[in-house]
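To start, the structure itself, in structure tokens.
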Amino acid sequence: MTVSRALGRRLARLATNAVVRNPRLWRIFRALLRRQFDRLAPRWDGIIGPAALDAFRQALETVPPPRRALDLGTGTGAAAFAIAERFPAAEVIGVDLAPAMVEAAAAKTPAELAGRITFLEADASALPLPDGSCELVSLANMIPFFAELERVLAPGGAALFSFAHGPATPIFVPPKRLRMELSARGFSQFADFTAGAATCLVARKR
Ligand SMILES: C[S@@+](CC[C@H](N)C(=O)[O-])C[C@H]1O[C@@H](n2cnc3c(N)ncnc32)[C@H](O)[C@@H]1O
């Protein structure tokens with residue numbers, strides 16, 4: 001691993017831990033992470049690897065079909081495409097802070113999904129979406145902003161938190177911490193999924 005890649009992973013871990021504890025610290029990390037992921041976009045699919053979503057795909061089998069699904073920190077769109085394939089009637093929105101990620105995801109969109117999948121450049125800490133407008137919100141290797149996630153998720157909706165390499169993922173939030181934050185916001189029905197190194201937690205909003 002190159003020095004710059006190792007530093008990038010440390011930055012992602014530091015930002016995740018800080019922002020989960022205090023979301024206001026996001027303004028310190030925002031520009032740095034945006035630049036980092038913009039640079040990584042052309043190589044991202046090779047970095048993340050093909051097994052990253054194995055637990056996420058299992059978890060998707062257990063949630064009700066959404067009318068609209070939102071994939072936060074979508075990167076090159078892998079989780080958004082998985083949702084669109086699993087739920088053929090769903091509208092899917094993939095959001096990312098890094099313009100190069102959004103461009104890469106849009107360019108990869110298969111023609112058969114193009115009518116119901118959209119990629120937007122936006123910040124998951126301040127989403128341009130109405131309250132309760134999504135029945136499913138997913139985060140794959142992404143820093144959670146719990147207040148905003150709760151705001152856009154419809155009552156009864158499902159939130160999925162997926163990590164490609166479990167605790168070894170640079171952007172990782174321990175399941176205990178996720179459960180604590182989510183329980184405090186009225187989420188319940190937690191379920192854990194594991195496939196190889198990949199993990200996924202599902203929670204439902206009351
Ligand atoms: C580790 S990558 C994961 C990409 C993709 N979900 C995957 O698993 O392949 C994290 C992504 O989240 C994006 N990101 C980080 N913070 C964000 C925020 N506040 N709002 C939107 N996207 C964000 C980054 O630009 C990056 O593309």
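List of remarks:
- The GluC sites (Glu not before Pro) found in the range 16-92 that occupy coil by DSSP, while having at most 13 further C-beta atoms within 10 Å, are 61.
- Computed over the chain: relative contact order in percent, which uses C-alpha pairs under 8 Å that are six or more apart: 22 percent
- Shape box of the chain [Cα atoms, principal axes, largest first, Å]: 43, 41, 35
- Length gained on full extension, residue 146 to residue 51: 31.6 nm, using 0.36 nm per residue less the C-alpha separation.
- Helical runs (DSSP H, four residues minimum) scored at -39500 (n - 2.57) apiece and divided by the length of the chain put the mean residue ellipticity at 222 nm at -12000 deg cm²/dmol.
- Projected area, mean over directions - the range 1-55, Cα convex hull, nm²: 4.7 nm²
- Projecting label points 7 angstrom from Cα along Cα→Cβ for residue 107 and residue 121 puts them 1.5 nm apart.
- Packing-based exposure ordering (other Cβ within 10 Å, fewest first) of 138, 133: 133, 138
- Multiplying the residue separation of residue 1 and residue 192 by 0.36 nm and removing their Cα-Cα distance gives an extension gain of 65.7 nm.
- Rule-of-thumb Rg ratio for the range 141-206 [Cα; 2.2 N^0.38 Å; N residues]: 1.06
Quick note: the coordinates plus some simple rules give every number you see, no bench work behind them. Note that this is a predicted model, so its numbers are computed, not measured. Note that each Cβ is placed from the backbone with ideal geometry, even for glycine, and that neighbours are counted across all protein chains shown.
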